[in-house]
Structures are given as structure tokens and as C-alpha cells.
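Comments concern the structure below.
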Amino acid sequence: MNRETTFERLHRIQDNVSKGNYRLSSHAEREREADQITKGELEEAIFSSQAEIVEDYPNDPRGPSCLILGFTSQGKPLHVVIGLIDQMVIITVYRP
């Protein structure tokens, strides 16, 4: 069985985000608002040239997910946890 590399997974995530094929969980919305993170900053971080998957959670009981570290256009770091089942779900977002 051919396993997806982290680079391929990040590219798939970016492709889905560019097409709007994702949603934010209610938890992610609360955290985004609490940290005053705009949806634009969230997407900037996912698409930043420095974006990388820093942790992978393939065996999470809720389904596979990963932690992305990315940077806004202002250079601010963001962590984004994304669930990788069916439609992508941003589980949480926060400033590290």
C-alpha cells in the first residue's frame, strides 16, 4: 500500500483549503475568536512557504489528524490542527 508523505498530505490540505473544501469546528471558531485570528490569517498560515506538518496523529480515536505550523503574511506563527476524515475539519487554531 502506498503511504502518503507529509509533503503530499500538506499539498492535499492546501488544495482542499484553496477550493473551500473544509470547515471549522465550533471549538476552532471559539479559539480563533479568542486569539483574534482572522480566517485570512488562518489560510495565509496554511499556504505559507514555511508551512509544515510538525506532528502527525494517524491513530487519533476521533480519526487521523495533523498539526501544521505556518506563518501569516506578518510573520506571526499559527498552529492549525486538521482532521483528515471525509471533509477536512480544522479542529483548532492558536498562536503558539
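The values are calculated or read from the model by the stated rules, or taken from the named source; none is laboratory data. This is a predicted model, so every value here is computed, not measured. Please note: Cβ atoms are built from the backbone with ideal geometry, for glycine as well, and neighbour counts cover all protein chains shown. For the accessible areas, the whole protein counts, side chains as well, though only heavy atoms, and no ligand, DNA or RNA atoms are used. Shrake-Rupley method; radii C 1.70, N 1.55, O 1.52, S 1.80 Å.
Each row is one residue, and each column tells you yes or no for (1) in a strand (DSSP E or B); (2) over 20 Å from D15 (Cβ atoms); (3) open to solvent by 50 Å² or more (accessible area, probe 1.4 Å); (4) at pLDDT below 95.
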site	(1), (2), (3), (4)
A45	no, no, no, no
S49	no, no, yes, no
V54	yes, no, yes, no
R62	no, yes, yes, yes
L69	yes, no, no, no
H79	yes, yes, no, no
I85	no, no, yes, yes
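Taking segment 24-38 on its own, how many of its residues are surrounded by 12 or more Cβ atoms within 10 Å (Cβ to Cβ) and assigned to a helix (DSSP H, G or I)? Let's see the steps before the verdict.
Initial filter on segment 24-38 (surrounded by 12 or more Cβ atoms within 10 Å (Cβ to Cβ)): 24-25, 27-32, 35, 37.
The next check asks that each one be assigned to a helix (DSSP H, G or I); those that pass are 27-32.
Count: 6.
Could you figure out which of (1) surrounded by 17 or more Cβ atoms within 10 Å (Cβ to Cβ); (2) under 23 Å from T5 (Cα atoms); (3) in contact (Cβ under 8 Å) with a residue 60 or more places away in the chain isn't true of N21?
That leaves (1) as the condition not met.
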